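The values are calculated or read from the model by the stated rules, or taken from the named source; none is laboratory data. For clarity, every value in this text was computed on a predicted model and none was experimentally measured. Neighbour counts run over all protein chains shown; Cβ positions are idealised from the backbone, glycine included. Ligands, DNA and RNA are stripped out before the accessible areas are found, and what is left, the full protein with its side chains, is counted by its heavy atoms. Shrake-Rupley method; radii C 1.70, N 1.55, O 1.52, S 1.80 Å.
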Amino acid sequence: MSKINILVVGGGGREHAIIRALKKSAGIDKIYCAPGNAGIAADAECYPVKATDVEGMVALAEQLKPDCVFVAPDDPLVLGMVDAMNAKGFRAFGPNAKAAAIEGSKAFSKDLMKKYGIPTAAYEIFTDPAAAMEYIRRQNSFPTVIKADGLALGKGVVIAADLAEAEAAVNSMMNDKCFGASGDTIVVEEFLQGPEVSVLAFTDGKTVKPMVSSMDHKPAYDGNKGPNTGGMGTISPNPFYTDEVAERCRKEIFEPTVAAMSAEGRPFKGCLYFGLMITKDGPKVIEYNCRFGDPETQVVLPRLKTDLLDVINAVIDEKLDELDVQWDNGACACVILASGGYPGSYEKGKVISGLDADGQVDGATVYHAGTSGENGTYATNGGRVLGITANGADLDAAIDAAYAAAAKIDFEGKQFRTDIGRCVR
């Protein structure tokens, strides 16, 4: 069998994890990435095309002629990059724009769940800020959750502790347009309580195969305190995701969601992310994402035993039911090293020490999220800089290995949580 070339769209830690998984495949010859980053450049041939530049990415594909295009981030998926690639005859992994609406519009996803009886928080949708505030006052139930309808770089959710915070959130989203058009419509929903679980799933529009579970740690500081970030670390498996919970999720959430999307004429092909809350009434959906989560991908894909290329082809060709997707029985942990000040303002360009010429460190795999540099030297170039990831026989072993490796790496202002995986058990 001849080997193929693949183009991965994106440039963060998630994309680096995808590329590192693809490098293990015997069926791949060359991996391209756009835009990539300094660490990804050690594993793939990078091109400076923005992930959101649909026309530019199609032009790059026409230049490189890859056998497959893997569209990883949410924005290009919602913008229709898979549609554009398919129109030019390229095989592409990821949902088309109609299916990507499951993340691109929270109002759409909530209405989908209501229509098909998929468990989620009670909610109402508003396009008028005065009507939203009237509803919040009438409900008088706090905390309450306020979400911008569209994409907002993972920051479009506010958990308001009281009426003043709710009013500030509504005003910021709908009047001040802090998220642009994404806040023209908002969702106000009840606050759910319980442990959170992230489950990514491969689906070809008919069959759904959940991946191993994971847990993200979004607050910036130890003890789950401080502002929310894009994720300060992850573990897999999630200790709260029991076999019983998994079976309920399969029957009540995963399979019904895939069936609902097909029934709506929006069959979902790619990776569907389920953000779940295990409440006293059972598992409920907090959110859907139309792609691999970041940094969940960094602990899930290292546990994949099946060739990722085989999964990609099975999804694209709608033959996922014929593939036995296998996972290891161990555990994986990822500790994010972030720039000082993140998720607020931070400086870039801080020299990173402790990495080898390939941007790696003994005892772990280093996924580069925000780095710059060349010739084997690296500097910070983002809020989340590196994901230090280690496998282990169990969670304790994986966590210890990840922290031991993280201790070998340094840069000015290095910020990280010391309790990833430990604060929840």
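Numbers below:
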quantity: Amide proton proximity set for L200, modelled H, under 5 Å, gap of 5+; calculated: M211, F274
quantity: Karplus 3J(HN,Hα) series, Hz, for the range 112-121 with 6.51 cos²θ - 1.76 cosθ + 1.60 (x for Gly, Pro); calculated: 4, 5, 4, 4, 9, x, 8, x, 7, 5
quantity: Amide proton proximity set for A92, modelled H, under 5 Å, gap of 5+; calculated: V69
quantity: Å² per residue, accessible surface of the range 124-192 at 1.4 Å; calculated: 50
quantity: The chain - mean residue ellipticity at 222 nm from DSSP helices (-39,500 (n - 2.57) per run, n ≥ 4, rounded to 500); calculated: -7500 deg cm²/dmol
quantity: Calculated diffusion of the range 1-79, Stokes-Einstein form, Kirkwood radius summed over Cα pairs, 37 °C and 0.692 mPa s, µm²/s; calculated: 266
quantity: Trypsin sites (Lys or Arg not before Pro) lying in DSSP loop within the range 1-64, provided at most 16 other Cβ fall within 10 Å; calculated: K3, K24, K50
quantity: J(HN,Hα) series, the range 361-369, from Karplus relation 6.51 cos²θ - 1.76 cosθ + 1.60, nearest Hz, glycine and proline x; calculated: 8, 4, x, 7, 9, 9, 9, 8, 9
quantity: Under 25 Å from K280, Cα to Cα: lysines that are on another chain or at least 8 residues apart; calculated: K106, K110, K114, K115, K147, K218, K225, K251
quantity: Note, ³J(HN,Hα) from phi for the range 374-382, Karplus 6.51, -1.76, 1.60, rounded to Hz, x at Gly and Pro; calculated: 7, 6, x, 10, 10, 9, 6, 8, x
quantity: Solvent-accessible area per residue, Å², over the range 1-102 with all protein chains present [probe radius 1.4 Å]; calculated: 38
quantity: Under-5 Å amide H pairs with H217, H placed in peptide plane, nonlocal only; calculated: M232, G233
quantity: Per residue solvent-accessible surface (Å²) - the range 218-280, probe of 1.4 Å; calculated: 42
quantity: Carbon + sulfur, % of accessible area of the range 1-109 - ligands and nucleic acids excluded, 1.4 Å; calculated: 49
quantity: Between the range 227-263 and the range 77-150, the alpha-carbon center distance in angstrom; calculated: 17
